[in-house]
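Visitor: The following block contains the structure, expressed as structure tokens.
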Amino acid sequence: MVTATKIWLSSPHMGSNEQAYVQEAFDSNWVAPLGPNVNLFEKALEDYVQEDVHVAALSSGTAAIHLALELLGVTSGDLVLCQSFTFSASANPILYLGAQPVFIDSEEKTWNMSPELLEKAILDCSAKGKKPKAIVAVHLYGMPYMADEITAIGKKYNIPIIEDSAEALGSKYKGKNCSSLGDLGILSFNGNKIITTSGGGALVSKNLEHKQRAVFLATQARDNAPHYQHSVVGYNYRMSNVLAGIGRGQMEVLEERVKARRANHEFYKQHLEHISGITFLAEPEGFFSNRWLSCILLPDYETREKIRLALLEDDIESRPLWKPMHMQPVFEANLSYTNGVSENLFERGLCLPSGSNLVEEDLKRILALILKTI
Ligand SMILES: Cc1ncc(COP(=O)(O)O)c(C=O)c1O
């Protein structure tokens, strides 16, 4: 029987100024997919990410991946190497372009793309006369991928990297912000992310022409003419000025949100790490995770499910780790390079409630249930 209020896995957490910036859009009648909030949100992101990046605010992270692939010239029949242990939005846009994903399993240090398997896949595909066109690497749950190794492989074989930082705004690798490490980076401001615009995303690049081209494609690819003239296919992918107002307010509290999510993770770790059978993903030297979601590994599937269902019974949302893409029916026919790591994580892993708006009482309620169940 449910006795207390619902605890969500990761719910939106507004600061104090979001509504005022949305109100500005109404007051000035900039209720459009362009306008001052969009420019100021992009500027706030550029200042935060640093490394001289240019940011294009878009309607979703998925749209950003789609445009990134298009900017890199991915087209029908191409192969794109994609991390298998991720959310399906990392891979779906590859299919939008008629290209084929080739899935790469994870390593155990960060749970992200295995450099070893990545290189093997490049060599294999190239030997068959089909050199991959791009790499989609993901900082899953906020933990940066092994960027030195993955970047070196991209350079060695001259294959550009799309850095899927949808879950990793606020994470850093060797002091550099995630989304500035790849040839192109993408961010998501979906409702469950560390900051949200209810729905939204961004493309991040050090190359101003990338931003300009992305904005052009995202606004229906209108040629420079007084009438409507189109030479290429465009999209309706620009972020609205109303939602960018929420984004401006959220940027002001981003650092607090990172601290709160890391504190959740510390709480779980402190109280559960000593229990035999429960393990956490450690933060390797030089890696800084925003701990978007706090994850634990249990000894087996049965224990994982016992805990998940006990939490659910008390109206507490938790979720198994991502089901790898190479196990998904929709990608059944696609090539994959696997080592068992992501399948094992999927079987034993559980994401615990991780919102920055959780209070101590919530965390204690979750903890008590886990301890009782295990
Ligand atoms: C790893 C990853 N990539 C891409 C996306 C897509 O972002 P959006 O929901 O903004 O389209 C998400 C989240 O939803 C994600 O978790």
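Visitor: From (1) exposed (fewer than 15 other Cβ atoms within 10 Å of the Cβ); (2) within 19 Å of K43 (Cα to Cα); (3) not hydroxyl-bearing (S, T, Y), pick out the condition that doesn't hold for D223.
Guide: It fails just one condition, (2).
Visitor: Taking the residues in segment 73-83 that are crowded, with 20+ Cβ neighbours inside 10 Å and over 19 Å from the mean Cα position of the chain (by Cα) as candidates, determine which candidate is nearest to the ligand (Cβ to nearest atom).
Guide: V74
Visitor: Can you find, within segment 133-156, the residue that is nearest to the ligand (Cβ to nearest atom) among those that are assigned to a loop (DSSP other than H, G, I, E, B) and not charged (D, E, K, R)?
Guide: H139
Visitor: Same structure again: Which condition from (1) on the phi > 0 side of the Ramachandran plot; (2) out of contact with any helix residue (DSSP H, G or I) (no Cβ under 6 Å at 6 or more places or on another chain) is the one that S179 breaks?
Guide: Failing condition for S179: (2).
Visitor: When segment 84-103 is examined, which residues are found to be within 18 Å of the chain's Cα centre (by Cα) and not in a helix (DSSP H, G or I)?
Guide: Result: S84, F85, T86, F87, A91, P101, F103.
Visitor: Can you run down the residue pairs with Cβ atoms below 8 Å, 6 or more apart or on separate chains, where the first is in segment 22-35 and closer than 18 Å to R238 by Cα and the partner is in a loop (DSSP other than H, G, I, E, B) and β-branched (V, I, T)?
Guide: As it stands, the answer is A25/V31, since those pairs meet every condition given.
Visitor: Looking at this structure, is L95 over 29 Å from V242 (Cβ atoms) and within 16 Å of the ligand (Cβ to nearest atom)?
Guide: yes
Visitor: Report, by residue number, each residue of segment 157-178 that is out of contact with any His (no Cβ under 7 Å at 6 or more places or on another chain) and more than 12 Å from the ligand (Cβ to nearest atom).
Guide: Y157, N158, I159, P160, I161, G170, K172, Y173, K174, G175, K176, N177
Visitor: Next up: For segment 179-205, which residues satisfy the criterion of being polar (S, T, N, Q) and near the ligand (Cβ under 9 Å from one of its atoms)?
Guide: Passing the criteria: S188, N190, N192.
Visitor: Checking L208 against (1) away from the ligand (no atom under 11 Å from the Cβ); (2) within 21 Å of L69 (Cβ to Cβ); (3) surrounded by 17 or more Cβ atoms within 10 Å (Cβ to Cβ), which test does it fail?
Guide: So the condition that L208 fails would be (3).
Visitor: Going residue by residue through segment 44-63, is there one that turns out to be touching a residue at least 40 places away in the same chain (Cβ under 8 Å), within 16 Å of the ligand (Cβ to nearest atom), assigned to a helix (DSSP H, G or I) and not aliphatic (A, V, I, L, M)?
Guide: Yes, that holds for at least one residue.
Visitor: Any idea which residue in segment 18-51 is nearest to the chain's Cα centre (by Cα), counting only those that are under 30 Å from E317 (Cβ atoms) and surrounded by fewer than 18 Cβ atoms within 10 Å (Cβ to Cβ)?
Guide: Top of the filtered list is Y48.
Visitor: Out of everything in segment 225-273 that is touching a Leu at 6+ places or on another chain (Cβ under 7 Å) and charged (D, E, K, R), what residue ends up being farthest from W8 (Cα to Cα)?
Guide: R238
We did not get these values from a lab; they are worked out from the coordinates using the rules stated. What you see is a predicted model, and the numbers here were worked out from it, not measured in a lab. Cβ atoms come from the backbone with ideal geometry, glycine included; neighbour counts cover every protein chain shown.
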